[in-house]
Structures are given as structure tokens and as C-alpha cells.
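Student: Below is a structure I'd like to ask you about.
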Amino acid sequence: MKPNYRRCISCRKVAPKEAFWRIVKLYPSDQVQLDTGMGRSAYLCPEASCLKTAQKKNRLGRSLKAAVPSELYSNLWQRLPLSAQSEQ
């Protein structure tokens with residue numbers, strides 16, 4: 001894999017890391033948050049289908065090895081463009 005390229009945990013698409021949302025499990029507190037922080041990271045496409053699959057199959061929780069709060073999923077749904085939110 002090329003430097004600065006990441007893989008979506010839902011659809012497995014490879015793209016530059018700027019094309020994804022970054023979800024981080026902070027070290028050492030094990031809190032899960034969006035975008036910033038140091039620790040274990042997972043990347044997700046900003047698309048409704050990827051978010052829906054990740055939420056249904058708990059892909060974020062398994063990838064981060066931590067419980068993902070439901071507020072995080074609601075924040076991600078709010079970040080989607082309005083046209084994509086109709087699929088929810």
C-alpha cells in the first residue's frame with residue numbers, strides 16, 4: 001500500500017486518507033472519538049451505504065477493539081450530505 005493511503009473498513013476501498021472519516025480509540029483512556037487524537041484508528045467512507053454496513057455489523061467496534069457509543073454513529077449520520085441521508 002502506498003504511503004498516506006488507507007482502506008475503508010466497510011467497503012474495503014483504498015484511497016488517500018483525506019477521503020475518509022477517521023475514528024480513533026484514544027490511548028490510554030480507550031475513548032472513541034472522531035478525527036483527532038493518538039491511538040488505534042479506523043477509516044470509513046463518507047457514504048450512507050458504508051456507514052449503514054459498519055453500524056449494522058459493528059465493524060468499527062471490532063476494528064477498534066472497543067465499544068462504540070451510539071452518539072458517534074448519530075454524529076456520522078449528521079455529517080452525510082442531505083441527499084445521502086434519505087437512504088437511512
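Student: Any residue at all in segment 46-54 that's of a type outside the set (Ser, Thr, Tyr), surrounded by fewer than 18 Cβ atoms within 10 Å (Cβ to Cβ) and free of Cβ contacts under 8 Å to residues at least 24 places away in the same chain?
Tutor: no
Student: Which one is most open to solvent (accessible area, probe 1.4 Å) among residues in segment 5-45 that are within 9 Å of the chain's Cα centre (by Cα) and of a type in the set (Gly, Ala, Ser)?
Tutor: Once the filter is applied, the top-ranked residue is 41.
Student: Are there any helices (runs of 4 or more DSSP H) wholly within segment 19-88 with 3 or more residues that are modelled with pLDDT of 90 or more and on the phi < 0 side of the Ramachandran plot, and if so which?
Tutor: Where helices (runs of 4 or more DSSP H) fall fully within segment 19-88 and carry at least 3 residues being modelled with pLDDT of 90 or more and on the phi < 0 side of the Ramachandran plot, they are 48-56, 59-64, 70-79.
The values are calculated or read from the model by the stated rules, or taken from the named source; none is laboratory data. Given the structure is predicted, the values throughout are model-derived calculations rather than measurements. Heads up, the Cβs are rebuilt from the backbone with ideal geometry, glycines too, and the neighbour counts pull from every protein chain shown. Surface accessibility is based on the protein's heavy atoms, side chains included, excluding ligands, DNA and RNA. Shrake-Rupley method; radii C 1.70, N 1.55, O 1.52, S 1.80 Å.
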